[in-house]
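FYI, it's all coordinate maths here, none of it is from the lab. The structure presented is a predicted model; accordingly, all values stated were derived computationally and were not measured. FYI the Cβ positions are ideal-geometry reconstructions off the backbone, even for glycines, and counts take in every protein chain you see.
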Amino acid sequence: MTIEGHADYKRREFCKDVKCPVQTELDAQKDGSDEYEKVRKICKVDCRYTTYQFHHWLIDKGYLLVRPEK
C-alpha cells in the first residue's frame, strides 16, 4: 500500500545501493536459471548484512516503517 506523496521501498534497493557482491553476482545471472536460484539462496539464508545495517540504511534514506492500527 503506497501512502500518497511517499515512495515504497523497491526490492533489493538496499543491496544495490551498498553494492553487495552477492547482488552483483545475482544481477549477472539469467533470472530463474539454476545459477540464479543458487545465488539467490545466499540472500535468503546467509545475507552478508545485518538487520541493524538495513534498518539504519532505511533511516538514513528517509524511509518510514508504518503499519495500520488494529
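Computed quantities for the displayed model
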quantity	calculated
Inter-label distance, nm, simple model (7 Å from Cα along the C-beta direction), Ile59/Cys43	2.5 nm
Across the chain: Cys residues that no other cysteine approaches within a C-beta distance under 4.7 Å	Cys43, Cys47
11 Å beta-carbon shell around Ile42, net charge (K/R +1, D/E -1)	+2
